[in-house]
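Below: the structure, in structure tokens.
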Amino acid sequence: MPGYDVREKVFFITGGASGIGRGLAEGVLANHGKVFFVDLQEELGREAHTELAASYGAHNIRFAVADVTNRDSIQEVFNMAVATFGRVDVMVNNAGIVRESQPDKVIAVNLLGVIQGTEIAMAHMRKDKGGNGGRVVNISSLYGLLESPYFPVYSATKQGIRAYTRSLSLSPKLDEIGMEFATLHPDSVDTAIMRFPNVQPGDVLYLDDLLKQFKGKVQYLP
Ligand SMILES: NC(=O)c1ccc[n+]([C@@H]2O[C@H](COP(=O)([O-])OP(=O)(O)OC[C@H]3O[C@@H](n4cnc5c(N)ncnc54)[C@H](O)[C@@H]3O)[C@@H](O)[C@H]2O)c1
């Protein structure tokens, strides 16, 4: 989103307690935007909230515990964000996991969670339904563009995010809806997503080969 001025804009970020989501939250706050973030991890979320509120002002940030796989729960906290800040301008569907041993869980979090989050945001933002317009940013991965022998299920969900989001951006009624859609495709970032206990044996395929290939770019600490 080149040139997008985030001042006074309200961002709703899923999976904001750590890693990329937390970094995005801090970037928004540092540029004078407002953030409502949710995460499954209550303690980590509260810590992040306390630190960010101390640096950027408690009135600019709120945190709530919610699971992106639970549509009602995400709708409830999204409503809280609207009640707190008056509206949401940008929805960032960031929460994600790597867990090849549980394909259903990976699909539920990485793909269905993103689709549900997008639908909830669109219902609020659509200009043709009385909203103010807005933006949805869905966090995919480099493996949303490439295939990987190490994370076939993860890669399928991230390519699904790309296909879903791109399809929405091709809507013939985009101007009427007043929304923009984007995906981000980060390469390896050193976060908790690839660290024990988030990743257990079997959650990444051919682990030895992966560690050799990435030579320290990926930390797997069993
Ligand atoms: N780190 C990387 O190398 C990398 C590269 C490309 C894409 N990504 C993507 O970036 C996003 C953020 O990952 P990260 O690297 O910051 O990892 P992370 O583990 O630091 O952060 C992910 C956050 O999502 C939360 N989360 C997981 N499941 C959830 C659920 N069901 N409901 C709510 N919150 C949930 C976790 O508690 C965690 O705080 C993910 O979608 C990931 O696939 C990461």
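The values are calculated or read from the model by the stated rules, or taken from the named source; none is laboratory data. Every value quoted in this text rests on a predicted model; they were computed, and no experiment measured them. Every residue, glycine as well, gets a Cβ built from its backbone with ideal geometry; the counts of neighbours run over all protein chains shown. The protein model used for the area step is the full one, side chains on, heavy atoms only, and it has no ligands, DNA or RNA in it. Shrake-Rupley method; radii C 1.70, N 1.55, O 1.52, S 1.80 Å.
Of note:
- Leu146 vs. criteria modelled with pLDDT under 95, out of contact with any helix residue (DSSP H, G or I) (no Cβ under 6 Å at 6 or more places or on another chain) and not basic (Lys, Arg): yes
- Restricting attention to region 164-202, the residues being away from the ligand (no atom under 16 Å from the Cβ) and either under 16 Å from Ala95 (Cα atoms) or among the aliphatic types (A, V, I, L, M) (or both) number 5.
- Every condition in (1) touching a helix residue (DSSP H, G or I) at 6+ places or on another chain (Cβ under 6 Å); (2) assigned to a loop (DSSP other than H, G, I, E, B); (3) open to solvent by 20 Å² or more (accessible area, probe 1.4 Å) holds for Asp128 except the one numbered (2).
- Considering residues of region 31-90 that are in a loop (DSSP other than H, G, I, E, B) and within 11 Å of the ligand (Cβ to nearest atom) only, the residue nearest to Met179 (Cα to Cα): Val68
- The one condition from (1) among the hydrophobic types (A, V, I, L, M, F, W, C); (2) at pLDDT below 95; (3) surrounded by 15 or more Cβ atoms within 10 Å (Cβ to Cβ) that Met1 does not meet is (3).
- Restricting region 91-116 to residues that are near the ligand (Cβ under 8 Å from one of its atoms) and over 11 Å from the mean Cα position of the chain (by Cα) leaves a set whose member that is most open to solvent (accessible area, probe 1.4 Å) is Ala108.
- Considering region 141-160, and only residues there that are open to solvent by less than 40 Å² (accessible area, probe 1.4 Å) and of a type in the set (S, T, N, Q), the residue that is nearest to the ligand (Cβ to nearest atom) turns out to be Ser141.
- Against the conditions (1) at positive phi; (2) open to solvent by 30 Å² or more (accessible area, probe 1.4 Å); (3) of a type outside the set (Lys, Arg), Thr50 satisfies every one except (1).
- Checklist (1) without any contact (Cβ under 8 Å) to a residue 40 or more places away in the chain; (2) open to solvent by less than 60 Å² (accessible area, probe 1.4 Å); (3) more than 10 Å from the ligand (Cβ to nearest atom); (4) out of contact with any helix residue (DSSP H, G or I) (no Cβ under 6 Å at 6 or more places or on another chain) applied to Glu119, failing item: (2)
- Being of a type in the set (Gly, Ala, Ser), open to solvent by less than 20 Å² (accessible area, probe 1.4 Å) and either over 23 Å from Asp67 (Cβ atoms) or touching a Phe, Trp or Tyr at 6+ places or on another chain (Cβ under 7 Å) (or both) is true of Gly16.
- Residues located in region 2-29, provided they are part of a helix (DSSP H, G or I) and more than 16 Å from the ligand (Cβ to nearest atom): Leu29
Condition check ((1) loosely packed, with under 14 Cβ neighbours inside 10 Å; (2) of a type in the set (Ser, Thr, Tyr); (3) within 14 Å of the chain's Cα centre (by Cα)) across all residues:
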residue: Ile139; (1), (2), (3): no, no, yes
residue: Arg162; (1), (2), (3): no, no, yes
residue: Leu168; (1), (2), (3): no, no, no
residue: Pro172; (1), (2), (3): yes, no, no
residue: Glu180; (1), (2), (3): no, no, no
residue: Leu184; (1), (2), (3): no, no, yes
residue: Asp187; (1), (2), (3): yes, no, no
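- Gly21 being open to solvent by less than 60 Å² (accessible area, probe 1.4 Å) and under 24 Å from Phe181 (Cα atoms): yes
- Selection within region 191-205 - open to solvent by 40 Å² or more (accessible area, probe 1.4 Å) and in contact with a helix residue (DSSP H, G or I) (Cβ under 9 Å, 6 or more places away or on another chain): Ile193, Asn198, Pro201, Leu205
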